[in-house]
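Undergrad: Below is one structure. I have some questions about it.
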Amino acid sequence: MPSWCSISFFGSIAVTFALGGFAATAALAQQPGGDVRSTHGAWSIICDTPPGASSEQCAMMQNVVAEDRPEVGLSVVVLRTADNKAEILRVLAPLGVLLPNGLGLNVDGKDIGRAYFVRCFQDGCYAEVILEDELLETLRNGESATFIVFQTPEEGIGIPVDLAGFGDGFAALP
């Protein structure tokens, strides 16, 4: 099984800019004017038209915080590219995370690997991967995921993400 960080990572950067960049995801993640179209378990589908975009963009998302560190939270976002040829898993982590260690992912206790952070803005730092079939099936069939951010090389903070409704929400994503 390929590690999470080996999944077509650099190709997703080009796709991101074709989607209108990271700012669009930040707008959706913060839900300022986006409409919640549907809820699937722990996941919501939110749609909005980002500034300067000609069409509406929808994303499936969940906002979570660490159980023992309420100041450390993530926005986990799944969206389709404008050409409908790929799906992206993008995670917004808070500023102050250790960037070289990347973002770890465990699903149902199994280590999936790490994704690297690609960019930081005033709202946080983004890690993303293309949702290839193997990772997509792991998330669809899983019960819980834990994303891990690092504040020091030795100290990882696990942030639980409920996978209930992931498959249904993904199927309903426009």
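Undergrad: Condition (residue is out of contact with any Lys or Arg (no Cβ under 6 Å at 6 or more places or on another chain) and at positive phi) applied to region 143-151: is it met by at least one residue?
TA: No, the conditions are met nowhere in region 143-151.
Undergrad: Further, regarding this structure: Which of the residues that make up region 157-174 are of a type outside the set (A, V, I, L, M, F, W, C) and either within 13 Å of A42 (Cβ to Cβ) or buried (at least 21 other Cβ atoms within 10 Å of the Cβ) (or both)?
TA: P160, D162, G165, G167, D168, G169
Undergrad: Give S54, S44, S38, S75 a once-over and let me know the one that is without any contact (Cβ under 8 Å) to a residue 12 or more places away in the chain and among the small types (G, A, S).
TA: The unique qualifying residue is S54.
Undergrad: I'd like the full set of residues that are assigned to a strand (DSSP E or B) and either of a type in the set (D, E, K, R) or within 17 Å of S144 (Cβ to Cβ) (or both), limited to region 35-54.
TA: D35, R37, H40, W43, D48
Undergrad: While we're on this one: Only one of (1) farther than 27 Å from F150 by Cα; (2) at pLDDT 80 or above fails for G20. Which number is that?
TA: Status for G20: all satisfied but (2).
Undergrad: Here is a list: E87, E71, E56, E67. Which entry is closer than 25 Å to E134 by Cα and either in contact with a strand residue (DSSP E or B) (Cβ under 9 Å, 6 or more places away or on another chain) or among the basic types (K, R) (or both)?
TA: Among E87, E71, E56, E67, only E87 is closer than 25 Å to E134 by Cα and either in contact with a strand residue (DSSP E or B) (Cβ under 9 Å, 6 or more places away or on another chain) or among the basic types (K, R) (or both).
Undergrad: Can you name every residue in region 90-131 that is more than 16 Å from L163 (Cα to Cα) and polar (S, T, N, Q)?
TA: N101, Q122
Quick grid of which residues meet (1) acidic (D, E); (2) under 27 Å from S38 (Cα atoms); (3) modelled with pLDDT of 95 or more:
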position: T81; (1), (2), (3): no, yes, no
position: N106; (1), (2), (3): no, yes, yes
position: E137; (1), (2), (3): yes, yes, yes
position: I148; (1), (2), (3): no, no, yes
position: P174; (1), (2), (3): no, yes, no
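Undergrad: Could you tell me whether A115 is surrounded by 19 or more Cβ atoms within 10 Å (Cβ to Cβ), in contact (Cβ under 8 Å) with a residue 24 or more places away in the chain and over 15 Å from M61 (Cβ atoms)?
TA: Here the answer is yes, as A115 does meet what is asked.
Undergrad: Does V129 satisfy the condition of being aliphatic (A, V, I, L, M), in contact (Cβ under 8 Å) with a residue 40 or more places away in the chain and in contact with a Leu (Cβ under 6 Å, 6 or more places away or on another chain)?
TA: Yes, satisfied.
Undergrad: Another question, if that's okay. Do we find a residue being surrounded by fewer than 20 Cβ atoms within 10 Å (Cβ to Cβ), touching a residue at least 40 places away in the same chain (Cβ under 8 Å) and at positive phi anywhere in region 87-99?
TA: Looking through region 87-99, at least one residue is surrounded by fewer than 20 Cβ atoms within 10 Å (Cβ to Cβ), touching a residue at least 40 places away in the same chain (Cβ under 8 Å) and at positive phi.
The values are calculated or read from the model by the stated rules, or taken from the named source; none is laboratory data. Only a predicted model underlies this, so the values are computations on that prediction, with no experimental measurement involved. Methodologically, a virtual Cβ is constructed for each residue, glycine included, from the backbone with ideal geometry; neighbour enumeration extends over all protein chains shown.
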